[in-house]
1. What whole number of Å gives the distance from the Cα centroid of region B:138-196 to the Cα centroid of region B:13-66?
2. Quick one: grab the alpha carbon gyration tensor of region B:1-126, order the square roots of its eigenvalues as a ≥ b ≥ c, and give me rounded if a/c is under 1.5, else prolate or oblate depending on whether a/b is larger than b/c.
3. So what J values fall out for region A:128-135 if you push phi through Karplus, 6.51 cos²θ - 1.76 cosθ + 1.60 with θ = phi - 60°, rounded to Hz, Gly and Pro as x?
4. Taking every residue in B:192-204, how many Cβ atoms of other protein chains lie within 10 Å of its Cβ, on average?
5. Need the C-alpha centroid separation for region B:281-297 versus region B:317-343, integer Å.
6. Report Rg/Rh for region B:145-186, rounded to two decimals, where Rg is the Cα radius of gyration and Rh the Kirkwood radius.
7. B:A253: net charge of surrounding residues, Cβ under 14 Å, Lys/Arg +1, Asp/Glu -1, itself excluded?
8. Using a Förster distance of 22 Å, how high is the FRET efficiency between B:A153 and B:A211, based on the Cβ-Cβ distance and rounded to 0.05?
Amino acid sequence: MIYLDNQATTACDPRVLDAMWPWFSAQPGNPHSTEHAIGRRAADAVEAARAEIAALIGASPGEILFTSGATEANNLAIKGAARFAGSRERRRIITAATEHKCVLESARDLAAEGFEPLILPVAPSGAIDHADLGLALQTPTLLVSFMAANNETGFLHDLGALGRAAHAAGARVHSDLAQAAGKLSLDVTGLGLDAASLSAHKLYGPKGIGALYVRRRPRMRIAPLFSGGGQERGARSGTVPTPLAVGFGEACRIARLELAAEATRIAALRDRLLRGLDARIPGLALNGPPAPRLAGNLSLRFPGVRALDLIAACPELAISTGSACTSADIAPSHVLTALGLTAGAAAASLRLGIGRFNSAADIDAAIDMLSAAYARLAPARAEA
Amino acid sequence: MQHAPQEIYLDANASEPLRPAAQRAILESLTLPGNPSSIHAAGRAARRLLEDSRTVIARTVGAAPADIILCSGGTEANAIAIAGLSPGRRVLMGATEHDAVRAAAPGAEILLVHPQGGLDLAALAAALEGKGPALVCLMLANNETGVLHPIAAAAALCHARGALLHVDAAQAVGRIPVDLGELGADTLAFSAHKLGGPKGAGALALASGLAIAPLIAGGGQERGRRGGTPALPAIAGFAAALAESGEGVAQLAPLRDRLEQGATAVGALVCGGGARLPNTTCLALAGARAETQVINLDLAGVRVSAGAACSSGKVTQSHVLAAMGLGALASCAIRVSLPWNATDAQVDGFLAAYAEMAARLAPAAARTISAA
């Protein structure tokens, strides 16, 4: 099995497993039981992990809240910001058509609470038109939420510029960093983000944990999604899962140290994959521009075939049509249709996500498998 | 350097040590690379593990797999139930509920409990006479005293009045047999790390066919009722721990009883009574503040708590014990909760440390007992 679906989820790094394992075996204790030594040891481990997560994105540890993942973090940032602000003057929440479903649904859900979600269209590249955003911001806006890197096309928004425009209009800025964190160098302070969502399992950490960065100065205020024991400064109740937090911290530490070299290596593999497929599949097309794009991502249209048939024809290759969440859906990808693709073109598109554990041999094997499958499925075109 | 004493962990109600079967399941699932929502072979393998785990979890509490919502833990499970069921209903809850439930419905009407800690069913019946449909929230087992509420009887009262019943079973599942249908609950919340599974997973079981709105939107996972990539290793460990816990931890009752006898012999009073969890006791020592006791025991290598773990460090008077009418004693009680793997030697170690502490901190209490 060659795993090229690293945007759906990544395998846990063995070093992450090693860091987590003691917390899954010898260490009981609730990190909130700071009355006794076992609880304090767990609490110390959680805080060390929090510091590593903060360091990856240029935040301070006190600005990091643990959540169950990026979906929860996105819900918490968007609904939390709106509910904290309540019924004040700024009721508009701006996001874009290519955002992850959980961002779009969080924004849309707020309409029922009296807010005004606005979903901006994107250019065929995936970029947001700055004039569109400027126009949208003429209505007093509470929050804008734009992802750093798209989960299907890998397209990178110009977060700095988008954020500056939003701040100039008095809005706060949230970004879903799930696909970007650990893959490219990010500095929340430099980008001027007020809130940002992270997921451990997209950067070789475990599933079941994520984080929300919440800016201290100027302070970003959010209401909790749910309450209880008051953990995470009251913003997110529930026992922090010590082993998963430790694994997340280790994954962030590794990413911080290795990100630059890894991105170069993975981009070379990505280019090799594109060149190899392009040479053997006539009419192959890239969705979105070659740059700016995540090092590991390709979203490719295979003319004249259905992507689902290609996936079925390559059982030894783990690839996807798009977002994992909706991969069993019949509906075309909302991301690709937002770029202007027809339903047919979207259905002919595959997402290939290269990651840390892929080798050049994997890439060459994937080229062989995909081009052979394509030739079987679209013989007339392949011979043309 | 002082010799570190042997650690005795008796704070299972804060978090149970991981069961061996859960450890194995976590290790196996951590090496699976796929996302359960992906359609390729790696995704399908992850999906199979997710659904097999769901089936085990469902079967344990007598629910159908389709009626299980997997989430991050007990707090979230309680929040999904209460946020989902409370619109259009007034909320009634027991006076001794966990903060996760109390915080989810801050305006709730509070139902009195008896001095022993169990729900006053007459108070529930009277409250249900009030106007409008109700959602009643009751815990199956209390986290501080282990006292069990009469849930089946409460459910009968609720259903006769058209009320829904949400049960927080976080401390009960895995320790005593729990069956959604026998309890008559509409929703049942429970947590993996309270039963020997890992932190980071929990579940809400729904009565057959009950629909509920999501708290966390997006992605369509859990039949649209809870967005987010499922925490596969934690969920696999959750199911394995449940399968291993079988009928529960009834074998701990004699250990707990011996611990209580030893503690009361040196001046402790047991808070709460009637039907209780087999692993929990709440011991008050008149005149000795709970946090002082916990610190003293901690120095002796014995890990217990003064109540719920959540409020981290800040020891305030227990609302549970106050509701039971314990007055000043409510500030003088510690919770001792035996983990599934507790041993006789740990009980002996606890009793030695406790007797030494009681003689030092509350000599008066000890004298009263020995004179009686």
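Any read-out appearing in this document is the output of simple, stated calculations on the displayed coordinates, not a laboratory observation. Bear in mind that the values here come from a model prediction, so they are computed numbers and not experimental data. Here the Cβ positions follow ideal geometry from the backbone for every residue, glycine too, while neighbour counts run over all protein chains shown.
1. Here the two parts' Cα centres lie 23 Å apart.
2. oblate
3. Running phi through 6.51 cos²θ - 1.76 cosθ + 1.60 with θ = phi - 60° gives 8, 6, 4, 5, 4, 5, x, 5 Hz.
4. Per-residue shielding by partner chains comes out at 4.
5. 9 Å
6. Ratio of gyration radius to Kirkwood radius for region B:145-186: 0.97.
7. My count for the surroundings of B:A253 gives 0.
8. It comes out at approximately 0.25.
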